[in-house]
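To start, the structure under review is shown below, and the notes come after it.
Laboratory data are not the source of any read-out in this text; all were calculated from the coordinates shown. Everything numeric in this text was worked out from a predicted model, so none of it was measured. Cβ placement follows ideal geometry from the backbone for every residue including glycine, while neighbour counts extend to all protein chains displayed.
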Amino acid sequence: MMHVVKKLLSTFVDHPTVVTTLLVGIVAVQFAVSALWFHDLDLSLLFSELSENDQRSVLSQLALGLAGVAAMVGGFAGVVVVFGLSSEDARFREVRMKAATSLRRNWTSVVTTPLVAAFGALLAATAAGVGAFGISVWTIELCLLLAAHGAVRLVVILRELVKVVHRADEGVTRSEQFVDEDEFFED
């Protein structure tokens, strides 16, 4: 059982596309279930008590706020990725070589997923503006999950990069503290 859990976690960490696909699938299943059987699960019911103008306004504001947050996550992710890619330290090179495929997938995902969420949220705001409230609500939910996925993955990558920087700093500190005995005891 523990082996299965470790394998599943490894898949989630190393294959961000699997997580993204699962998130899209979860929203699609929730939409289908709410449309076909359990109508109370329809997210647009949360806003049904509002007037049409209020729905338009609230959903547009939610979507635009989400677009801003998702764009910030994507932008910060770009900075983190460039930092990881451009470092010349041997430890960074070692990490890049050992985990090349996984890093490539994760570093690409951590930038693209929040940006897709940002653009999707802009589409949700547009849908709300033209009165397509159901489309807007479901798109907002999907974009929220994608932005959260990108943010969580970004924090994990940042945490790992901080560990590499710490090891690099320890190595530099050790080499600076090293005393060459021959130089110290010269005749």
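List of remarks:
- Simple label model, 7 Å out from Cα along Cβ direction - HIS15 to ASP169, nm: 3.6 nm
- Residue-normalised convex hull volume from the C-alpha trace of the stretch 43-111: 87 Å³ per residue.
- One quarter of the convex hull surface built on the alpha carbon atoms of the chain amounts to 15.6 nm², the projected area averaged over directions.
- Along the stretch 19-35 the Karplus relation, 6.51 cos²θ - 1.76 cosθ + 1.60 evaluated at θ = phi - 60°, assigns HN-Hα couplings of 5, 4, 4, 4, 5, 4, x, 4, 5, 5, 5, 4, 4, 5, 4, 6, 6 Hz to successive residues, with x for each Gly and Pro.
- In order through the stretch 54-63: 3J(HN,Hα) via Karplus (6.51 cos²θ - 1.76 cosθ + 1.60), integer Hz, x for Gly, Pro: 5, 4, 4, 5, 5, 5, 5, 5, 4, 5
- Annotation note: GluC sites (Glu not before Pro) in the stretch 33-141 located in DSSP loop regions with a Cβ neighbour count of at most 11 within 10 Å are GLU49, GLU88.
- Taking only Cα atoms of the stretch 1-78, radius of gyration then Dmax in Å: 17.8, 53
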